[in-house]
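**Student:** Have a look at this one.
The values are calculated or read from the model by the stated rules, or taken from the named source; none is laboratory data. Please read all numbers here as calculations on a predicted model, not as lab measurements. All Cβ positions, glycine included, derive from the backbone under ideal geometry; neighbour counts span all protein chains shown. For accessibility, only protein heavy atoms count, side chains too; no ligands or nucleic acids. Shrake-Rupley method; radii C 1.70, N 1.55, O 1.52, S 1.80 Å.
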Amino acid sequence: MNISLNDINIQLSIVIPTFNTENYINETLQSLLNINKEQTEIIIIDDCSSDQTVAIAKNWLDRNHILNQIVINEENRGPSYSRNRGIELAKGKYITFFDSDDICISSCYDKALQAMENHNIELCIFGAKSFDHKTQDVYEFPDNAIWKEILKDDDYKITTLSREPLISGLAPNMMNKIYKTDTIRNNNINFPQGLIFEDLYFYAKSMLSIKKILLINEDILLYRVNRGGQLTSLNNAKYNDIINISSKIVELDEIESISEKAWSNLIGSAIRLNVWCSENCHYNEKISFVEKSVEIFGSLPGRVLETYKNSNTLTLWEKNIITCYQDKNKQILEVVAEGGYPDLPSNNSAESEQDTKILFELRDMLNSLISQQRDGWANDRFNVLNEKIETIKTSIIHYEDLFKANNNTNNYTLEKIEEILLSLHHESQDKDTDGNSLLYEKIIKSVNDIKNKLK
């Protein structure tokens, strides 16, 4: 006798949109092998793949006797449509989403579901890491600093957004989150169709409705980056989707129902993605992109950006970016879009202060590059690393003129730069991240080239 999905008490629905991932889908499904088969369903929504993705998925699901639904879209509609369809079809009390090329530590699901049941949790968030498809190196996720600030050394935390407004600034990726299905449906939370960066809107809207949140200090996701077909391979026009997504977030009617700090964190996440897209969109579109971006965030009450800048910016680089949006300084944002550093004019002309400013700005510039490669404003930063190295070398040459204007402090300043770089280099070695070591070595060489010119 065949058992239908309606006959079983399904706790968790895992929605996996697929499209031409025949080289990855088996590995992804294999990583889900530790799920509770009696209480979990896997929903495959295929977006008209032209390869063997569906056949491979069906074979794996049948072979491992896992409850499933496989649906093929009538036409290619994009991941948002597939995920929304998964929400409609889900039988589970809880729902999560996974990509068809990532790796899941699925043993985490059981403890999360038990805690969600016991404490009436509407959203559970796990930690996550990225791994480079080509090198297999593993990196911290972009929100690692925020994650540590919220959890400290705790294994888990049950809280609310009003108590921990930093939660809204966590990476919006869906794959490390479990939602209560009724919460999603009852509040009409869905993915905007036809757009990428859809996770950001979904997460922003969910923050307006979620009452109780569980954070578990374990990694459930290994997010694959640096493979063909991902964000960095997009048609340039798709980078403009973040403009539409940002506009939708700013215009959410219920946005003022959450605290100002939580609101500002959502806006900060949107701005970070806007900056990243401005760097990666076509050169001829950069000016137009910046104008649209500034217009969107310029419509916000001034206190929102000020709150974010004063409370949650992580580096001087980011603080300067927010200042540019506050002042509607399109000129500097266009420089940033071309890979430059957001230099802001200083009101203090004292020589000692200028020396310190030069040192701090260069330090933050170097740290910014390193964090973009290691943590990232987006998860596939790795693909543009070489371009960023060239950018930093150009920026350092720009600072050479400032060094020459302060001959008495040239050697001191460069020695401090080398000290900072050496410290970062050791940090890289401690974390066993060879890619970072190579990055530091290249930057150190650039600094040494400047030293030789100044002798």
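**Student:** What are the pairs, 6+ residues apart or on separate chains, where a residue within the range 219-238 that is assigned to a loop (DSSP other than H, G, I, E, B) and modelled with pLDDT of 55 or more has its Cβ under 9 Å from a residue that is surrounded by fewer than 19 Cβ atoms within 10 Å (Cβ to Cβ) and among the basic types (K, R)?
**Tutor:** N226/K134; R227/K134
**Student:** Can you tell me which residues in the range 297-308 are within 18 Å of S168 (Cβ to Cβ), open to solvent by less than 50 Å² (accessible area, probe 1.4 Å) and either free of Cβ contacts under 8 Å to residues at least 40 places away in the same chain or in a helix (DSSP H, G or I) (or both)? Spell out the reasoning first.
**Tutor:** Step one: list which residues in the range 297-308 are within 18 Å of S168 (Cβ to Cβ), which gives 297, 300-301, 303-308.
Filter once more, so that each one left must be open to solvent by less than 50 Å² (accessible area, probe 1.4 Å): 297, 300-301, 304-305, 307-308.
If the condition is that a residue be within 18 Å of S168 (Cβ to Cβ), open to solvent by less than 50 Å² (accessible area, probe 1.4 Å) and either free of Cβ contacts under 8 Å to residues at least 40 places away in the same chain or in a helix (DSSP H, G or I) (or both), then F297, P301, V304, L305, T307, Y308 are the ones that fit.
**Student:** Tell me whether the range 74-94 contains one or more residues that are touching an Asp or Glu at 6+ places or on another chain (Cβ under 7 Å) and over 24 Å from N187 (Cα atoms).
**Tutor:** Checking the range 74-94: at least one residue is touching an Asp or Glu at 6+ places or on another chain (Cβ under 7 Å) and over 24 Å from N187 (Cα atoms).
**Student:** Can you tell me how many residues in the range 8-23 are hydrophobic (A, V, I, L, M, F, W, C) and in contact with a helix residue (DSSP H, G or I) (Cβ under 8 Å, 6 or more places away or on another chain)?
**Tutor:** Start the filter on the range 8-23 by keeping residues that are hydrophobic (A, V, I, L, M, F, W, C), which leaves 8, 10, 12, 14-16, 19.
Cutting the leftovers down to in contact with a helix residue (DSSP H, G or I) (Cβ under 8 Å, 6 or more places away or on another chain) gives us 12, 15-16, 19.
Summing the residues that are hydrophobic (A, V, I, L, M, F, W, C) and in contact with a helix residue (DSSP H, G or I) (Cβ under 8 Å, 6 or more places away or on another chain) in the range 8-23 gives 4.
**Student:** Given the criterion at pLDDT 90 or above, open to solvent by 30 Å² or more (accessible area, probe 1.4 Å) and of a type in the set (G, A, S), identify the matching residue among S288, S257, S269, S311. Show your work before the answer.
**Tutor:** Details: S257 fails: at pLDDT 90 or above; S269 fails: open to solvent by 30 Å² or more (accessible area, probe 1.4 Å); S311 fails: at pLDDT 90 or above.
From the options S288, S257, S269, S311, the qualifying one is S288.
**Student:** While we're here: With (1) open to solvent by 10 Å² or more (accessible area, probe 1.4 Å); (2) assigned to a loop (DSSP other than H, G, I, E, B); (3) modelled with pLDDT of 95 or more as the list, and N26 as the residue in question, which single condition is left unmet?
**Tutor:** Of the numbered conditions (1) open to solvent by 10 Å² or more (accessible area, probe 1.4 Å); (2) assigned to a loop (DSSP other than H, G, I, E, B); (3) modelled with pLDDT of 95 or more, the odd one out for N26 is (2).
**Student:** Additional query: Search the range 90-99 for residues being open to solvent by less than 60 Å² (accessible area, probe 1.4 Å) and within 23 Å of L161 (Cα to Cα), and hand back the single one that is farthest from the chain's Cα centre (by Cα).
**Tutor:** Y94
**Student:** Which of (1) aliphatic (A, V, I, L, M); (2) more than 15 Å from T18 (Cβ to Cβ); (3) out of contact with any Lys or Arg (no Cβ under 6 Å at 6 or more places or on another chain) is the odd one out, the single condition I66 does not satisfy?
**Tutor:** So the condition that I66 fails would be (3).
**Student:** Return the pair list, or none, for Cβ contacts closer than 6 Å from residues in the range 47-58 that are under 18 Å from Y81 (Cα atoms) and open to solvent by less than 40 Å² (accessible area, probe 1.4 Å) to residues that are hydrophobic (A, V, I, L, M, F, W, C) and assigned to a loop (DSSP other than H, G, I, E, B), at least 6 apart or on different chains.
**Tutor:** D47/F19; S49/F19
**Student:** Another question about this same structure. Would a scan of the range 80-97 turn up a residue that is closer than 17 Å to S31 by Cβ and touching a residue at least 24 places away in the same chain (Cβ under 8 Å)? Please lay out each step first, then the result.
**Tutor:** Applying the first criterion (closer than 17 Å to S31 by Cβ) to the range 80-97 yields 96-97.
This time we only want the ones that are touching a residue at least 24 places away in the same chain (Cβ under 8 Å), so: 96-97.
Within the range 80-97, one or more residues are closer than 17 Å to S31 by Cβ and touching a residue at least 24 places away in the same chain (Cβ under 8 Å).
**Student:** While we're here: Hey, can you tell me all the residues within the range 34-46 that are part of a loop (DSSP other than H, G, I, E, B) and either acidic (D, E) or more than 19 Å from G86 (Cα to Cα) (or both)? Spell out how you get there, then give the answer.
**Tutor:** Quick first cut of the range 34-46, residues part of a loop (DSSP other than H, G, I, E, B) only: 34-39.
Result: N34, N36, E38.
**Student:** Oh, and also: Out of A262, A204, which single residue is open to solvent by less than 60 Å² (accessible area, probe 1.4 Å), at pLDDT 90 or above and in contact with a Ser or Thr (Cβ under 6 Å, 6 or more places away or on another chain)?
**Tutor:** That would be A262, the only listed residue that is open to solvent by less than 60 Å² (accessible area, probe 1.4 Å), at pLDDT 90 or above and in contact with a Ser or Thr (Cβ under 6 Å, 6 or more places away or on another chain).
**Student:** While we're looking at this one, here's another question. Within the range 314-343, can you find the residues that are open to solvent by less than 40 Å² (accessible area, probe 1.4 Å) and at pLDDT 90 or above?
**Tutor:** Correct list: I321, I322, T323, C324, Y325, I332, L333.
**Student:** If you don't mind, another one. If D102 satisfies all but one of (1) touching a strand residue (DSSP E or B) at 6+ places or on another chain (Cβ under 6 Å); (2) open to solvent by 10 Å² or more (accessible area, probe 1.4 Å); (3) acidic (D, E), what's the number of the condition it fails?
**Tutor:** Unmet for D102, out of (1) touching a strand residue (DSSP E or B) at 6+ places or on another chain (Cβ under 6 Å); (2) open to solvent by 10 Å² or more (accessible area, probe 1.4 Å); (3) acidic (D, E): (2).
**Student:** Condition check: buried (at least 20 other Cβ atoms within 10 Å of the Cβ) and part of a helix (DSSP H, G or I). Does D199 satisfy that?
**Tutor:** On the way: buried (at least 20 other Cβ atoms within 10 Å of the Cβ): yes; part of a helix (DSSP H, G or I): yes.
Considered against the rule, which asks whether it is buried (at least 20 other Cβ atoms within 10 Å of the Cβ) and part of a helix (DSSP H, G or I), D199 comes out as yes.
**Student:** Go through (1) open to solvent by 10 Å² or more (accessible area, probe 1.4 Å); (2) assigned to a strand (DSSP E or B) for I87 and report which single condition fails.
**Tutor:** With respect to (1) open to solvent by 10 Å² or more (accessible area, probe 1.4 Å); (2) assigned to a strand (DSSP E or B), I87 is out only on (2).
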